[in-house]
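K.L.:
Sharing a structure with you now.
Read the figures in this text as sums done on the coordinates, not as results from a lab. Just so you know, these numbers come straight off a predicted model, no measurement behind them. Heads up, the Cβs are rebuilt from the backbone with ideal geometry, glycines too, and the neighbour counts pull from every protein chain shown.
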């Protein structure tokens, strides 16, 4: 079992990119810090981010929703469904169906279907030495939002980051956005490898480098408003995309983003041939981030 | 959110039938009564049964697997994956990918993809007055198996049913089989409506009748070896298929089943025009079975 998206050849022609992502109360979300609708939103966006990272657009989703049987289970299910519908509307990804069940804790398993319209999906393993590494936006916003929600008495943090209201920072945690248009633009601009920052920029960069058998040298990491550099490196759930592409194609990507009304891509650094060298500002970068451990 | 299968038009041609089904520890399964591999098997078979009920064949599945973090979580995940692989092998349905997560309890959400190869999927709503009602096999085996597993001191039950070993009865609970070949044959034989007996024959017959705006008169209910009539009517998880079709097509279905090496379909009764009449042997039949309640 891997958490990558799979490609399915469809009888009768065509193919679908399929990905599944689960959100579990007490593991990925805390209902004291976000609403049931936030959970539904986050569940669909998390699954859609896997499509974004392949340069795909969504065509639909199905949901396995498990809610506790206690009083209010029906309201909880309705709240999650509302957030799913909001995210579906925001991304143009219809929820086609689902399954509703009881469970000891709230769990939302979302399976999404996408397409590259006959093109080639972008994987993690294609980064070449000499490629530019860019990111679609600053990182750490979701982690900063979680910090603010857990400790509302403290103003959002520092480290040279732009000041931001607590509400705006919290929204980065509660309502993250899958970067579907950015991923589509990056694929068309010739991206060699792409990945979403779902588990932390540093950890996900190491994974992309592992899959591509390369190293990297980062010049700097763009930090989201209200976030710290540690949050930007290890926070995860930002759903920004890291893209490796020929340096000659960066201007084309920037132009595509501008034409589509998207934020300009931000330079992170370069891909190196030596897989043993992985640095930020000349110092070794540890794979900080969210690790899925089972024992 | 409904628990029906959805049909997705695929960009580039073709279409997929998609269904999602969840199995949750403590709700659908008890790990004291079955192994992790049994849970994996049951999860995939439960989802595949939805395809069988539409007359579809499977082309693939993805899995959202959530396991507790306690010691043994890794073994639990591996056991479930083994059962998934066994069921995948038995049905020719590859597991294409998945997502692994922690959770307070074991949960397996399976999304399956199927096709009718350009044909028309069979729904629940097409039963006509005068149709014959048949079932692909005797019911209650899974419920009898659960009873035997819960109370191994008692021999399997009675009610005129064939004697059966406790192991064979338990297997009906631990390793149920989605009736994919039977559903395919029934669609080709002209089935008007079809449904799997996942929540109990009586309840599922009422649902089929509700969707078709018809009644029914059952002559008798075939009872699985070791099961009681109550288990056959209200047990669920047998995954046998109930089929409504023109009485003139029953012989063709029987011949198709024989040619494919399948068990002969069994006569249940007839579809009636009056939706208010729903009887077994002349007496009103209550919708016994597994209801999904949330409050």
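K.L.:
Among the numbered criteria (1) farther than 30 Å from residue B:256 by Cβ; (2) out of contact with any strand residue (DSSP E or B) (no Cβ under 6 Å at 6 or more places or on another chain); (3) crowded, with 21+ Cβ neighbours inside 10 Å, which one does residue B:37 miss?
P.N.:
Condition not satisfied by residue B:37: (3).
K.L.:
Is it the case, given these coordinates, that residue B:60 is closer than 30 Å to residue B:123 by Cβ and either within 12 Å of chain A (Cβ to nearest Cβ) or surrounded by fewer than 20 Cβ atoms within 10 Å (Cβ to Cβ) (or both)?
P.N.:
Numbers: closer than 30 Å to residue B:123 by Cβ: yes; either within 12 Å of chain A (Cβ to nearest Cβ) or surrounded by fewer than 20 Cβ atoms within 10 Å (Cβ to Cβ) (or both): yes.
Spelling it out, residue B:60 is indeed closer than 30 Å to residue B:123 by Cβ and either within 12 Å of chain A (Cβ to nearest Cβ) or surrounded by fewer than 20 Cβ atoms within 10 Å (Cβ to Cβ) (or both).
K.L.:
Output the number of the condition that residue B:108 fails; it satisfies all remaining conditions of (1) over 21 Å from the mean Cα position of the chain (by Cα); (2) in a strand (DSSP E or B).
P.N.:
(1)
K.L.:
Does any residue of the range A:51-58 turn out to be under 20 Å from residue B:66 (Cα atoms) and in contact (Cβ under 8 Å) with a residue 12 or more places away in the chain?
P.N.:
Going through the range A:51-58, the residues under 20 Å from residue B:66 (Cα atoms) turn out to be none.
No, that holds for no residue.
K.L.:
Right, something else. If I filter the range A:71-85 down to residues being under 22 Å from residue B:199 (Cα atoms) and touching a strand residue (DSSP E or B) at 6+ places or on another chain (Cβ under 6 Å), which single residue comes out as nearest to the other protein chains (Cβ to nearest Cβ)? Before the answer, list the steps.
P.N.:
As a first pass, look at the range A:71-85 and keep what is under 22 Å from residue B:199 (Cα atoms): A:73-74, A:77.
So of that shortlist, the ones also touching a strand residue (DSSP E or B) at 6+ places or on another chain (Cβ under 6 Å) come out as A:73, A:77.
Numbers: A:73: 4, A:77: 6 Å.
The selected residue is A:73.
K.L.:
Can you tell me which residue within the range A:111-130, out of those that are assigned to a strand (DSSP E or B) and within 30 Å of residue A:270 (Cα to Cα), is farthest from the chain's Cα centre (by Cα)?
P.N.:
First, the residues of the range A:111-130 that are assigned to a strand (DSSP E or B): A:111-115.
Next cut, within 30 Å of residue A:270 (Cα to Cα) only: A:114-115.
Working: A:114: 16, A:115: 18 Å.
Of everything passing the filter in the range A:111-130, A:115 is farthest from the chain's Cα centre (by Cα).
Conditions (1) buried (at least 17 other Cβ atoms within 10 Å of the Cβ); (2) within 20 Å of residue B:53 (Cα to Cα), marked per residue:
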{"residue": "B:219", "(1), (2)": "no, no"}
{"residue": "B:227", "(1), (2)": "yes, no"}
{"residue": "B:243", "(1), (2)": "yes, yes"}
{"residue": "B:263", "(1), (2)": "no, yes"}
{"residue": "B:279", "(1), (2)": "no, no"}
{"residue": "B:283", "(1), (2)": "no, no"}
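K.L.:
Would you confirm whether any residue within the range A:141-152 is surrounded by fewer than 24 Cβ atoms within 10 Å (Cβ to Cβ), out of contact with any helix residue (DSSP H, G or I) (no Cβ under 8 Å at 6 or more places or on another chain) and farther than 29 Å from residue A:61 by Cβ? I'd like the intermediate steps shown before the answer.
P.N.:
Let us first name the residues in the range A:141-152 that are surrounded by fewer than 24 Cβ atoms within 10 Å (Cβ to Cβ), namely A:146-147, A:149-152.
This time we only want the ones that are out of contact with any helix residue (DSSP H, G or I) (no Cβ under 8 Å at 6 or more places or on another chain), so: A:150-151.
Then drop every residue that is not farther than 29 Å from residue A:61 by Cβ, which leaves A:150-151.
Taking every residue of the range A:141-152 in turn, at least one turns out to be surrounded by fewer than 24 Cβ atoms within 10 Å (Cβ to Cβ), out of contact with any helix residue (DSSP H, G or I) (no Cβ under 8 Å at 6 or more places or on another chain) and farther than 29 Å from residue A:61 by Cβ.
K.L.:
Taking the conditions exactly as written (assigned to a strand (DSSP E or B), more than 30 Å from residue A:189 (Cβ to Cβ) and within 10 Å of chain B (Cβ to nearest Cβ)), does residue A:19 satisfy them or not?
P.N.:
Answer is no for this residue.
Yes/no per residue for (1) within 13 Å of chain B (Cβ to nearest Cβ); (2) part of a helix (DSSP H, G or I); (3) over 17 Å from the mean Cα position of the chain (by Cα):
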residue	(1), (2), (3)
A:8	yes, no, yes
A:11	yes, no, yes
A:23	yes, no, no
A:40	yes, yes, no
A:64	yes, no, yes
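Residue-by-condition table, conditions (1) part of a helix (DSSP H, G or I); (2) within 10 Å of chain B (Cβ to nearest Cβ):
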position: A:31; (1), (2): no, no
position: A:37; (1), (2): yes, no
position: A:44; (1), (2): yes, no
position: A:54; (1), (2): no, no
position: A:69; (1), (2): no, yes
position: A:87; (1), (2): yes, no
position: A:93; (1), (2): no, no
position: A:100; (1), (2): no, yes
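K.L.:
Which of the residues that make up the range A:188-218 are over 13 Å from the mean Cα position of the chain (by Cα) and at positive phi?
P.N.:
A:190, A:213
K.L.:
Looking at A:48, A:133, which one is farther than 27 Å from residue A:18 by Cβ and either within 13 Å of another protein chain (Cβ to nearest Cβ) or outside any loop (DSSP other than H, G, I, E, B) (or both)? Show your work before the answer.
P.N.:
Working: A:48 fails: farther than 27 Å from residue A:18 by Cβ.
Result of the check over A:48, A:133: A:133.
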